[in-house]
Amino acid sequence: MRILFVSTSSGSHGGGEIFLLFLGRALAARGHRVALWASTHSRMDPLCEGFREFGDVLRSDYVNTYDRRLRGLWNWSAPGRAAEWLSAWREWKPDVIHLNKQNLEDGLDLLRLMDRTTLPTVCTIHLTQSPSQLGAVLGGLRDRIARRGIARYGGPFVVLNQSRADDLRTFARLRRPPVLIGNGVLVPEAHSLLRLREEMRRSLGLAPHEKLIIGVGRFVPQKRPLIFLEEAIRIRASVPASRFLWIGAAPAQSFAWVGGQTQLGGAPLQEAWNQRVADSGMKGAIEILGWQKEVTPYLAAADLYVHSAAYEGLPFSLLEAMAAGVPVAVNPELADDLNFLDAANSLRLDPGIDWRALFQDENHLFAIGQTGRKLIERDYSVARMAESHERLYGAFFDGAAV
């Protein structure tokens, strides 16, 4: 099967882009031909370079929704440009076109174009919280524009968990439910994790008794790195032999649509981080590593993974941490949203948590990590994600209802 992925082109390092790499690679390994269509904007270069390792890459002069002066209030493209994109898609001769949308309002022009292809099409939406829910400027108007564009689409929507499915169906008043397919990650072998742990801890200069706590994500407001920093301060007060890493960086342009504000380069956030580190005496105990192409070695070295974001689709970094057998501590709002998380496979970042007692109970932490790892092996492997998408694509050709 020939599968063309169409990206709304907001960046290269977010979960939505990692989704394209993981799924595309897995489908290619299963014998399918895959391609990625993306903007010529330089921020898409890393994603395109990664995809080119196993598939074809097509690029066009497309302007992402949040590069436009009116953002989600203007989601129309010149007919000539749209015709060029459609021609590029058709020239590759796909059997299925799969649009990858980050949120409700981005890429609505591409969604309209999908219905003009006369080919089977699918659309994944990662974040289904509406602009008004997130406090965006003119949120009600942006809601109406997004709702109209989504409701008009004739193909199936794919979402990552039941909360996202409920949100989308209610928001757009969909007649048929979205298709639920969770993200999937590779599950490292236990012996390789042990080797990586020894190597990375040695590289980081960690003593055997020191605890390493990490967070992973773009350095943007949505990921709430300052909440991670506050937890780090609390943990270090109880567990002095602890160190902290934030793995991720601010993109060249951050699309922070909460409140309608855009932070260029994440500068205000970085300044707030630096000031708090200085004021709390955490200098030397916490570090921002920036973006890492391979995060598994750091996860293997970690004793705890902290996920501070309040809202997500289905975060790959959380799934990867659990796959590595690392105990995870998750913001309560997100834990409520991700219904596969429970007391057996995760911790909640509650104010009353006793970090000293927690780290002293190594058997409890180990059990949480191993329970989480088994959950990922069973329900959230990359193989399972690829198989589910194969069935979805195949339904277009075997007469089944999609």
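The values are calculated or read from the model by the stated rules, or taken from the named source; none is laboratory data. Just so it is clear, the structure is predicted and the values come from calculations on it, not from any experiment. Cβ atoms come from the backbone with ideal geometry, glycine included; neighbour counts cover every protein chain shown. When the accessible area is computed, the model is the full protein with side chains, heavy atoms only, and any ligands, DNA or RNA have been set aside. Shrake-Rupley method; radii C 1.70, N 1.55, O 1.52, S 1.80 Å.
Worth a mention:
- The range 272-351 and the range 1-76 have Cα centres lying 26 Å from one another.
- Rounded to the nearest 20, the size of the Cβ-charge dipole of the chain about its Cα centre is 960 debye, with Lys and Arg at +1 and Asp and Glu at -1.
- Taking the protein heavy atoms of the range 325-402 in the context of the full set of protein chains, the accessible area attributed to carbon and sulfur is 48 percent at 1.4 Å.
- Shape call, the range 86-162: gyration tensor on alpha carbons, a/c limit 1.5: prolate
- Residue with peak Gaussian network fluctuation, the chain [Cα springs, cutoff 10 Å], from R59, R144, R378: R378
- For the range 1-125, convex hull of alpha carbons as volume per residue, Å³: 90 Å³
- Over the range 343-402, relative contact order from alpha-carbon pairs under 8 Å, at least 6 apart, %: 31 percent
- Taking amide H positions as modeled 1.01 Å from N, with prolines and chain starts lacking one, the residues under 5 Å from S381 and 5 or more places away or on another chain are V185.
- For the chain, a Gaussian network of Cα nodes joined below 10 Å ranks P225, P46, P208 by mean-square fluctuation, and the top entry is P208.
- Annotation: per residue accessible area for the range 9-162 equals 39 Å², rounded to a whole number [probe 1.4 Å, protein chains only].
- From its DSSP helices (H runs of at least four residues, each -39,500 (n - 2.57)), the chain gives a residue-normalised ellipticity at 222 nm of -12500 deg cm²/dmol.
- Using the Cβ of G372 as centre and a radius below 13 Å, the other residues enclosed give a net charge of -1, where K and R count +1 and D and E count -1.
- Crossing angle, helix 79-91 versus the chain [Cα axis fit, 0-90 degrees, rounded to tens]: 80 degrees
- Percent RCO, i.e. relative contact order, over the chain, from Cα pairs under 8 Å lying at least 6 residues apart: 15 percent
- Rounded tilt (10° steps) of 190-204 against the dominant C-alpha axis of the chain: 70 degrees
- Choice from W291, W85, W355 showing the highest fluctuation, given a GNM over the chain with Cα pairs closer than 10 Å: W355
- Amide H contacts for D56 (H built 1.01 Å from N in the peptide plane; partners 5 or more residues away or on another chain; cut-off under 5 Å): V34, A35, L36.
- 3J(HN,Hα) along the range 98-111: 10, 7, 10, 9, 6, 8, 5, 9, 7, x, 5, 5, 5, 5 Hz, from the Karplus curve 6.51 cos²θ - 1.76 cosθ + 1.60 with θ = phi - 60°, whole Hz, x for Gly and Pro.
- With a 1.4 Å probe rolled over the protein heavy atoms of all chains, the accessible area of E312, E287 falls in the order E287, E312, largest first.
- Amide H contacts of L127: N103, each under 5 Å away and 5 or more positions distant or on a separate chain (H built 1.01 Å from N in the peptide plane; Pro and chain starts excluded).
- Where GluC sites (Glu not before Pro) fall in DSSP loop in the range 1-102, at most 13 other Cβ within 10 Å: E53
- Percent carbon-and-sulfur accessible area, the range 152-208, ignoring ligands, DNA and RNA, probe 1.4 Å: 52 percent
- Sorted largest first, the principal axis extents computed over the alpha-carbon atoms of the chain equal 61, 43, 36 Å.
- Positive end of the dipole of the chain (Cβ unit charges, origin at the Cα centre): among A395, A309, T117, the Cα lying farthest that way belongs to T117.
- Helix 362-379 vs. the chain, principal-axis angle (Cα, 0 to 90°, nearest 10): 20 degrees
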